[in-house]
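This report refers to the structure that appears directly beneath it.
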Amino acid sequence: MSHTFHKGGVHPPENKITASCHIIEVELPREVVVTFSQHIGAMAVCCRSKGEHVKRGDLIAKASGFVSANVHTPISGTVTRLDKWKTAFGYAADTVTIVADDEDHAGDMASIAGRETLRTAKEVASLSDKDIVEIIDNAGIVGLGGAAFPTKVKLSPPSGMNADMLLINGVECEPYLTNDHALMLAAPQKILDGIKLLMKAAGTDRAVIGIERNKDDAIKLFEKLTTGDPSISVAALDVKYPQGSEKQLIKAVTGREVPSGALPIAAGVIVHNVATAYAVYEAVYLGKPLIERIITVTGPSVKRPGNYNVPIGMNIADLVDIAGGVPADTGKIILGGPMMGRAVVSLDAPTIKGVSGILMLPYDKSHRDAVQPCIRCAACVDACPMGLEPYRLATLSRHKMWDEAEDDKIINCIECGCCSYSCPSSRPILDYIRLGKTTVGSIIRDRQSKK
């Protein structure tokens with residue numbers, strides 16, 4: 001029996017080069033540049049001054065609204081700069097630069113080696129759902145599957161909406177990326193402890209962990225650890241992209257459809273990534289905010305590809321150097337994977353919470369073929385997991401027909417790239433849809449603000 005979503009989807013080469021690589025701990029850098037906008041929603045507001053000394057894990061920027069997230073420093077040191085820094089995509093972002101001296105660095109390394117739990121199992125058990133959400137909020141935890149949506153927002157649904165299931169995303173369907181797989185093998189019990197905390201916070205007594213069958217070792221491990229626990233089960237899913245997208249994962253596991261324009265809670269489900277569950281464990285049990293994450297550094301020619309546990313704010317170029325540097329045959333460097341990731345314009349930029357991978361593709365795998373006329377084959381329609389008509393949405397966007405694009409549900413596009421991947425004419429379908437979706441989204445927000 002097929003266990004997946006059935007509308008659209010594609011099967012790109014997996015290229016999981018680092019699937020067997022254990023997690024490599026990256027030594028704390030002596031300098032970090034931490035951005036204040038690392039999440040969906042309002043930018044966090046700096047609460048530190050130049051010259052001020054901070055300790056590892058200290059709050060350096062406060063959430064500025066309901067959909068926002070706190071930001072913390074991954075190292076102890078002195079605030080040397082408060083200014084704008086170019087992101088990997090060339091945009092200027094508000095940042096703080098923190099520099100550690102020898103004493104700061106030695107103290108951090110000692111604290112990591114001697115870290116103890118902040119709360120005992122008994123103390124954790126006594127926490128209420130509101131206590132857990134508050135800890136998650138204070139720790140600045142966001143979705144680590146790529147979207148970086150503040151976790152506390154998902155756990156605070158609108159009045160009248162409740163979840164009867166927590167769905168844990170261990171799919172990792174994006175080609176090349178293996179950071180979630182590595183984490184599932186390295187810390188399964190801690191992930192399960194985080195899942196139980198999320199269940200309590202969400203007010204549900206049922207959780208399902210969705211994992212694709214190309215990670216059979218993780219499936220067997222979690223099935224073994226959840227044996228005898230009727231509240232948590234494992235769903236082994238057929239390999240198909242983009243199964244890691246929330247709506248497709250919900251359909252694959254539950255058979256439920258998330259209504260057009262709605263969030264998963266409308267289907268009675270809250271979705272969290274396995275890495276998010278692990279971050280929740282660390283926040284609640286260890287008192288550790290989100291200051292590091294696992295990043296897959298990979299590519300066919302990378303000397304030391306691997307899954308690296310990286311302090312958030314570390315320079316991307318320094319991380320690439322640890323992996324052996326940029327290969328000579330590199331034609332494109334992407335943050336994320338080849339389907340949904342974005343090409344960088346510079347490596348002299350800080351890592352952020354939402355970066356799951358750094359992919360260095362050779363020239364022969366990174367160029368686009370010459371664009372040809374559309375042959376009306378409907379391959380993009382067949383591939384779209386949202387049931388849209390990508391060729392039409394791209395045309396409407398190209399001609400700036402925003403009202404028609406809105407009517408055709410361009411906002412429902414999840415930007416998975418299945419349309420462009422399947423197009424025999426190499427048309428930049430997703431590029432135009434992204435432009436249209438951004439523009440239509442702005443029009444909708446402007447219209448709503450005037451009501």
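All of the numbers you see were taken from the coordinates with simple rules; none came from a lab. In this text, all values refer to a predicted model and were calculated from it rather than measured experimentally. Using ideal geometry, Cβ is built from the backbone for each residue, glycine included, and neighbour counts are taken over all protein chains shown.
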Gained length - residue 378 relative to residue 82, 0.36 nm times residue gap less alpha-carbon distance: 101.5 nm
Length-normalised contact order for the chain - Cα pairs under 8 Å, 6+ apart - percent: 19 percent
Segment 1-126: C-alpha gyration tensor shape, a/c 1.5 cut-off, then a/b vs b/c: prolate
Residue 328 versus residue 99: modelled label distance in nm, points set 7 Å from Cα along the beta carbon direction: 3.6 nm
Calculated Rg and Dmax of segment 379-449 using C-alpha coordinates, Å: 11.6, 41
Selected from 402, 439, 384, residue furthest toward positive end of dipole (segment 379-449; charges at beta carbon): 439
Sites residue 123 and residue 3, calculated FRET efficiency, Cβ-Cβ separation with R0 41 Å, nearest 0.05: 0.60
Nearby lysines by direct alpha-carbon distance to residue 84 (threshold 17 angstrom, same-chain neighbours under 8 apart not counted): 50
Unit charges at the beta carbon, dipole of the chain: most positive-side option, 47, 109, 57: 47
Whether segment 128-286 is rounded, prolate or oblate, judged on the alpha carbon gyration tensor where a/c under 1.5 counts as rounded: rounded
Charge dipole (debye, nearest 20) of segment 379-449; +1 at Cβ of Lys and Arg, -1 at Cβ of Asp and Glu: 200 debye
Distance in nm between pseudo-label sites at residue 303 and residue 224 (7 Å out along the Cβ direction from Cα): 3.7 nm
Burial ordering of 348, 407, fewest other beta-carbon atoms within 10 Å first: 407, 348
Over 27 Å between alpha carbons, listed pairs 190/220; 86/215; 154/251; 215/409; 154/437: 86/215; 215/409
Other-chain or far-sequence residues with amide H under 5 Å of residue 38's (modelled H): 44
Likely footprinting exposure, 56, 368, fewest C-beta neighbours within 10 Å first: 368, 56
Cα gyration tensor category, rounded, prolate or oblate, for segment 296-349 with a/c compared to 1.5: rounded
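Work out the length of the dipole vector of segment 290-439 about its Cα centre, built from +1 on the beta-carbon of each Lys and Arg and -1 on the beta-carbon of each Asp and Glu, and round it to the nearest 20 debye.
160 debye
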Linear extension gain, residue 49 paired with residue 25, 0.36 nm per residue minus alpha-carbon span: 5.6 nm
Magnitude of the charge dipole, the chain, Cβ model with Lys/Arg +1 and Asp/Glu -1, debye to 20: 980 debye
Cβ-based charge dipole, the chain, positive-most Cα from 262, 133, 242: 262
Trypsin sites (Lys or Arg not before Pro) lying in DSSP loop within segment 94-189, provided at most 13 other Cβ fall within 10 Å: 115
